[in-house]
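Okay, so here's the structure we're looking at.
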Amino acid sequence: MRRAMDLLEQDLSLSAMGFLVTTIHTLNGAAMGLLVLWRLRLRWERPVVVAKMALWVHRLMYALLLVMVITGTLNYYFGLSFAARWHELGKWLILGLVLLHICAALWHHFVVKDSVLRQMLGIASHTDTMAD
């Protein structure tokens, strides 16, 4: 994506592959923004009781995903370079939060032995408890 943006800034044309990658990246960003907004609406209408730490990690993930959509849009359509820097940083922050999320789910499943992972996978309700 960075190479495609450099070519566009120099008024050079993209190859077919560059155009395809840029288009897919942009469409995925738009889809991600819509999915996050839909998910936030679901959480607003049907709140789920979770631990305070999980609540803040979820909020941070939603906020970062929205920031990624906004900064990607600002950079791609308006050429704002500060947005590109935030977009680049955001991918690493999201990766860290996703890894934290995975580790926490596995910790709950194998150490705490509760139903958090099964709830995340949709195979248990939030009222289920995991048998010892």
Elements of type helices (runs of 4 or more DSSP H) contained in region 45-120, each with 2 or more residues being within 19 Å of His25 (Cα to Cα)
52-78, 81-107
Log entry, pairs with first residue in region 100-126 being more than 18 Å from Arg59 (Cβ to Cβ), second being hydroxyl-bearing (Ser, Thr, Tyr) and surrounded by 12 or more Cβ atoms within 10 Å (Cβ to Cβ), beta carbons closer than 7 Å, six or more apart or on different chains, reads Ala124/Ser115
For Arg41, the lone unmet condition from (1) modelled with pLDDT of 80 or more; (2) surrounded by 12 or more Cβ atoms within 10 Å (Cβ to Cβ) is (2)
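If a residue must be under 14 Å from the mean Cα position of the chain (by Cα) and touching a residue at least 40 places away in the same chain (Cβ under 8 Å), how many such residues does region 26-46 contain?
Final tally of qualifying residues: 1.
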Assess whether Ser81 counts as being touching a Ser or Thr at 6+ places or on another chain (Cβ under 9 Å), at pLDDT below 90 and among the small types (Gly, Ala, Ser).
no
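The values are calculated or read from the model by the stated rules, or taken from the named source; none is laboratory data. Since we're looking at a predicted model, the values are computed, not measured. Using ideal geometry, Cβ is built from the backbone for each residue, glycine included, and neighbour counts are taken over all protein chains shown.
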